[in-house]
Amino acid sequence: MSQASPTTLNKGTVGEALRSRAGRNVRGKAIALVMSLCAIFCVVITLGIVFVLMETTVQFFTNELFTSIGLLQQTTRQLAQEQGLSGSDLSDVVRLAVDDRERTIGKIAEAIGGGLTVEQFEEAFARVQETTSDGAKFWITLRTSISRFFFDNRWTPLFASKRFGIWPLVNGTALVTVVAMLVATPLGLATAIFLGMYAPKKIVTFMRPMVELLAGVPTVVYGYFALIYVTPILRTIYPDTAIFNAASAGILMGLMILPTVGSISLDAITSVPKALSDGAYGLGATKMESIVKVILPSAASGIIAAIILGISRAVGETMIVTIAAGQQPILYAGDTAADIVGKVVNPFQTIATMTAYIAQVSLGDAPYGSVEYETLFAVGMVLFTITLTTNIVSKVIASRIREDYV
């Protein structure tokens with residue numbers, strides 16, 4: 001049987017032969033192994049972070065908590081007075097005694113001194129229970145239920161009377177993000193259209209790096225610029241503007257993410273084949289009509305991806321909102337629906353975002369393992385879920401309206 005000549009080999013056979021020969025390179029295999037280990041390391045780190053977030057979040061929802069602060073304070077005062085404490089010392093003891101059951105007893109024992117034991121605390125608590133009608137409700141199984149976490153309108157985990165409604169932080173985050181996108185989307189898209197469709201090549205070569213340079217400015221600089229320069233301008237226009245407010249933080253955040261929206265949108269616009277715009281010109285369309293009816297719809301996949309990526313960047317920003325927006329979670333204000341809505345959507349008020357709260361707790365305001373410390377992970381889990389959802393939505397939208405050009 002005669003062997004087939006090389007000229008009779010089809011393209012698939014030749015390609016397989018070439019790939020097999022290239023795959024026998026030992027150095028290439030070593031490099032591929034190193035790269036695969038890097039990829040596995042990234043996946044393991046990501047899964048590890050998610051696991052820690054979920055583990056601590058579950059613990060946050062399942063530990064015991066003092067529900068009656070009044071009973072707790074009465075018990076603490078009685079024990080403190082037995083040790084001869086009064087005045088500021090007693091105030092410090094009462095202030096410390098707000099945590100879950102085990103840590104609360106530990107804090108009281110450490111603050112009061114005198115070798116306080118769990119049995120002594122329980123005896124003092126029993127004496128207080130005998131004179132209190134709601135003593136049986138002193139403990140609950142859940143620290144804060146999931147329903148309260150998502151439907152309560154107060155966020156006060158650092159206060160003595162603790163409330164764990166996440167929506168004030170979500171509202172503050174959404175408010176700043178909306179202001180930022182109202183700034184970044186039109187400016188970024190207009191910049192992309194100008195550089196992609198109108199500007200000469202020399203101007204593009206100069207302006208694009210200048211615009212992208214905004215992404216290199218430290219976010220702490222944006223924060224102080226918003227606080228020192230933008231806020232006084234807003235207070236001149238609208239005197240009721242708070243010193244720390246969502247508007248100034250959102251405006252500077254919009255400038256910060258402008259390069260992200262503009263650069264990705266510009267790449268999407270310039271990737272549209274020139275033949276499409278030339279065809280529009282041949283049909284008598286003006287340049288603006290060609291941009292609006294041909295270029296932008298064809299580049300919509302990349303533009304929407306740029307906008308959603310900008311939203312993810314805004315949601316996760318920390319320093320700007322920490323410096324310029326404040327740390328006051330607000331959701332409910334007023335007795336009527338109009339009052340509540342007016343307060344929720346008012347960008348000139350002091351707010352708190354999820355990232356700002358995480359930064360506040362991370363600075364050491366909450367001791368390790370406390371209720372406040374565990375709220376950090378619960379908020380982080382919500383933030384992670386929001387960011388992951390926006391990224392998934394971005395990919396779904398981009399895949400559905402993507403234009404393929406041959």
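Summary table
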read-out: Hits in the range 347-370 (condition: out of contact with any Ser or Thr (no Cβ under 9 Å at 6 or more places or on another chain) and either part of a helix (DSSP H, G or I) or modelled with pLDDT under 75 (or both)); value: 362, 363, 364, 365, 367, 368, 369, 370
read-out: Residues satisfying the stated conditions in the range 333-346, i.e. among the β-branched types (Val, Ile, Thr) and modelled with pLDDT under 80; value: 336, 340, 341, 344
read-out: Residue match in the range 202-221 (condition: modelled with pLDDT of 90 or more and surrounded by 21 or more Cβ atoms within 10 Å (Cβ to Cβ)); value: no
read-out: Residue 241 being out of contact with any Cys (no Cβ under 7 Å at 6 or more places or on another chain), crowded, with 20+ Cβ neighbours inside 10 Å, over 30 Å from residue 299 (Cα atoms) and at pLDDT below 90; value: yes
read-out: Output for the range 172-195, where each listed residue is buried (at least 22 other Cβ atoms within 10 Å of the Cβ) and not hydrophobic (A, V, I, L, M, F, W, C); value: 172, 173, 177, 188
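The values are calculated or read from the model by the stated rules, or taken from the named source; none is laboratory data. Bear in mind that the values here come from a model prediction, so they are computed numbers and not experimental data. We place every Cβ from the backbone using ideal geometry, glycine too, and count neighbours over all the protein chains shown.
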